[in-house]
């Protein structure tokens, strides 16, 4: 059974769902007055923003539980989420801009435990010397707490979102670019 979660977690999820997701999805599609302007608010986007604040493990548990309860809603929320591994799909120019703005210590920490396409995306968008130094630092790095690694990854995602809002990079990779 998929409800193989602790009773405390299950009750927190039910409370989260009833307090946040359902009201947002049903009621916040209306309008909120912000700075004397009317702005449409989508409950799915708000729920996704809340999910992005969770540590990765808890977010996955919450999403799994939501999928059991309401698969269409879970799919809508998932479509709005952007996680660290999604950076593998960002275009090279945007990735280079992002890398230039990330402190080296944060990048070193965030890339721990990442393999495959995401790690390769970072290395191929750095100079050969910088990539070699980072690989060496990763190979020789002492163990770090998962919470520190997730904090560094979240900081990079937050930076990426900020750069996207400033139109310095493009995060979505739908394969369509107009120059």
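The values are calculated or read from the model by the stated rules, or taken from the named source; none is laboratory data. This is a predicted model, so every value here is computed, not measured. As a convention, Cβ positions derive from the backbone with ideal geometry for all residues, glycine included, and neighbour counts pool all protein chains shown.
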Review point. Mind checking whether some residue in the stretch 166-177 is at pLDDT below 95 and assigned to a helix (DSSP H, G or I)?
Key: no
Study note, to complete from the structure: Checked the stretch 120-144 for anything under 18 Å from residue 99 (Cβ atoms), in a helix (DSSP H, G or I) and out of contact with any helix residue (DSSP H, G or I) (no Cβ under 8 Å at 6 or more places or on another chain); matches are 128, 129, 130, 132, 133, 136
Check your understanding: residue 160: assigned by TED's automatic domain parsing to the domain that holds residue 45, surrounded by 12 or more Cβ atoms within 10 Å (Cβ to Cβ) and either touching a residue at least 12 places away in the same chain (Cβ under 8 Å) or within 21 Å of residue 46 (Cβ to Cβ) (or both), yes or no?
Key -> no
Exercise for review: Could you pull out the residue among 106, 147 that is assigned to a helix (DSSP H, G or I) and surrounded by 15 or more Cβ atoms within 10 Å (Cβ to Cβ)?
Suggested key: 106
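Considering only residues of the stretch 109-119 that are part of a helix (DSSP H, G or I) and touching a residue at least 12 places away in the same chain (Cβ under 8 Å), which is nearest to residue 53 (Cα to Cα)?
Of everything passing the filter in the stretch 109-119, 110 is nearest to residue 53 (Cα to Cα).
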